[in-house]
Amino acid sequence: MAIDYSQLIPNNVDLSSDRRLQRALENWQPRFLDWWKDMGPDGTSAFDVYLRTAISTDANGWANFGYVKMPEYRWGIFLAERDQNRQIAFGDNKGKPAWQDVPGEHRSTLRRLIVTQGDTEPASVEQQRLLGKTAPSLYDLRNLFQINVEEGRHLWAMVYLLHAYFGRDGREEAEAMLERHSGDPDKPRILGAFNEETPDWLSFFMFTFFTDRDGKYQLASLAESGFDPLARSCRFMLTEEAHHMFVGETGVGRIIQRTCELMKEHKTDDVRALGAIDLPTMQKYLNFHFSVSLDLFGQEASTNAANYYTQGVKGRYLETRIGDDHLLVNDTYEIETIEDGRIVKKAVPALQALNERLRQDYIEDCARGVVRWNKAIEKAGINFEMKLPHRAFDRRIGAFAGQRVSPDGKLLSEAEWKANESKWLPTDEDRAYITSLMGPAVTQPGKFAHWIAPPARGINNQPGDFEYVRFN
Ligand code: BYC
């Protein structure tokens, strides 16, 4: 169904046929806009930003580019097309028609998953609220804003489900989405990574590479859900997620490129003296963002995850392409854990290991990105390799929480950890240095901050000096 833009809330769910729901969402809309003004990108209401807006949810008609003032962005409700014959692909309900409504027995589980997913979206906008002040170029500023409005729309996607399918509880949860805030000591966001700060652009690019990629894997698992409206919402959200990860991968890649250029030109490793970001510091930021993002997958052995799967509410990554029985009751899966002071592999029931399996899919995907960064370093003739740290490094959730483990996976004493921590994770001094590079936003079209290379091509093939943001 095409998106109806004539409505106050653009949608492709025939919202006007359900007056009650429409009114409830129209009631939530001004609260969302107030939240955007208070907690969204700071001081940007008057800017004209070259944004893409979805015009249809099919592959061909996706994007429409044009200047938009962000508070006027057409946030709305877009679900991927319904497959009338869709069946649940896994668990006890395998082979049954996908649910068009919420089964009573899975109501609280589904609500909890939708709330957890929804909560991350406004959280990331809050985390990135001040970055516009220090943007390294108009191109980057525009990408930040594109991500911000899309995270706003992802919140809309989950709020629609809460309003449409969870009655009063759902409406209350939708309100609470705007009341919790990233890093708020009293009402924090639900998941750890979303209460961390994103104070500079290196952190932003690492976040969009690593943490948005968790979004990809979680959304892909929810896109397998037996609850069809959730599956269809997530399918469409995934199409937007790809751009966010692109921003992360190319952002880090462009910093690497600039650093390597300067190392070669000046025949030195000491690029800090030249106002650039040295590769060891980038590695430390990578370590931090990777481990924080690994925590987002939950416990290695999780009964919650087993239940989600058995009930048919949350599947595996690309569930329908996996060639097994999709029940997993007789299968085992190897996880890593600590026993007798050592990291060991241990087979556990596959159903319980689903968080770990998804984490493994995620790690392999991250590793492919790191290979691409390393190719660029090698091509520049520099002898340095970026590495993903071991999955047990610096974890807060799961079997390795609170353990001292080196990036190459050795269990350490507290003293050994303390002696090396500053080599592995950003220190206050590193952070101060990165902050010192974040000057006033570079606003001249085609110009870039000293520490980052220009992109290979413009958004929507625009020329290098395109005016992506007009400040008015
Ligand atoms: N922080 O059995 P477990 C995105 C809790 S990102 C705090 O492993 P489960 C985006 C857990 O809630 C994608 N608490 O739990 C990216 C549980 O609590 P209870 C977000 C945590 O349920 C960038 C307890 O520990 N989407 O979209 O199997 C920008 C036991 O753990 C954490 C989703 O996450 C943590 N890191 O797994 C914008 C999908 N980890 O029951 C957006 C929906 C675990 O003891 N969520 N806990 O009170 C889920 O599928 C699951 O809730 C989780 C946790 C995978 C997160």
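Derivation of every value follows stated rules applied to the coordinates shown; laboratory data play no part. What you see is a predicted model; the values in this text were computed from it and never measured. Ideal geometry is used to build each Cβ from the backbone, glycine not excepted, and the neighbour counts take in all protein chains shown.
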Cut-off is 10 Å between beta-carbons; in what order do 6, 406, 413 appear when sorted fewest neighbours first? 6, 413, 406
Which ³J(HN,Hα) values, rounded to whole Hz and listed in residue order, are derived for segment 293-300 from phi using the Karplus coefficients 6.51, -1.76 and 1.60 in 6.51 cos²θ - 1.76 cosθ + 1.60 with θ = phi - 60°, glycine and proline given as x? 6, 4, 4, 5, 8, x, 5, 4
For residue 243, the net charge from surrounding residues (Cβ-Cβ under 9 Å; K, R +1; D, E -1) works out to -2
Work out how much length residue 69 to residue 33 would gain on full extension: take 0.36 nm times their residue separation and subtract the Cα-Cα distance, in nm to one decimal. 11.7 nm
Per the charge dipole of the chain (beta-carbon charges, Lys/Arg positive, Asp/Glu negative, Cα centre), the residue among 338, 231, 392 reaching farthest to the positive end is 231
The chain: calculated mean residue ellipticity at 222 nm from DSSP helix runs of at least 4, using -39500 (n - 2.57): -15000 deg cm²/dmol
For a quick check: with amide H placed at 1.01 Å from N, whose amide H comes under 5 Å from residue 77's, ignoring anything fewer than 5 positions away on the same chain? 11, 12
Mind checking which lysines have their Cα closer than 17 Å to the Cα of residue 314? Skip sequence neighbours fewer than 8 apart in that chain. 94, 96, 216
Placing each pseudo-label 7 Å from Cα in the direction of the beta carbon, residue 348 and residue 334 end up separated by a distance in nanometres of 1.6 nm
Sorted by mean Cβ packing within 10 Å, highest first, what order do the peptides 75-88, 122-135, 150-163, 334-347 take? 150-163, 122-135, 75-88, 334-347
What is the sum of charges, Lys and Arg at +1 and Asp and Glu at -1, for the other residues whose Cβ falls under 11 Å from the Cβ of residue 83? +2
Roughly how big is the chain's charge dipole about its Cα centre, with Cβ charges of +1 (Lys, Arg) and -1 (Asp, Glu), in debye to the nearest 20? 520 debye
Taking a 20 Å limit on the Cα-Cα distance, which of the listed pairs 345/410; 267/379; 345/423; 284/410 fall beyond it? 345/423
Please give every one of the aspartates and glutamates within straight-line cross-link reach of residue 264, meaning a C-alpha to C-alpha distance under 19 Å, and leave out same-chain neighbours fewer than 8 residues apart. 278, 378, 385
Lys and Arg at +1, Asp and Glu at -1: neighbours of residue 322 with Cβ under 14 Å from its Cβ sum to -2
Inter-centroid distance (Cα atoms) of segment 210-231 relative to segment 419-472, Å: 30 Å
Mean separation of Cα contacts under 8 Å, 6 or more apart, over the residue count of the chain: relative contact order %: 18 percent
For the chain, take N as its residue count and report Rg(C-alpha) divided by 2.2 N^0.38 Å. 0.99
Nearest 5 is fine: what % of DSSP beta bridges in the chain come out antiparallel, could you say? 90 percent
Subtracting the Cα-Cα distance of residue 81 and residue 268 from 0.36 nm times their residue separation yields 61.9 nm
Interchain or sequence-distant (5+) residues whose placed amide H lies within less than 5 Å of the amide H of residue 332 are 350
Once label points are set 7 Å from the Cα along Cα→Cβ at both residue 310 and residue 422, what is their separation, rounded to one decimal in nm? 5.1 nm
Sorted from fewest to most neighbouring beta carbons within 10 Å, what does the list 397, 147 look like? 397, 147
Amide H within-cut-off set for residue 68, under 5 Å, with H built and near neighbours excluded: 49, 50, 51
Simple spin-label model, 7 Å along Cα-to-Cβ: residue 168 to residue 7 in nm? 2.6 nm
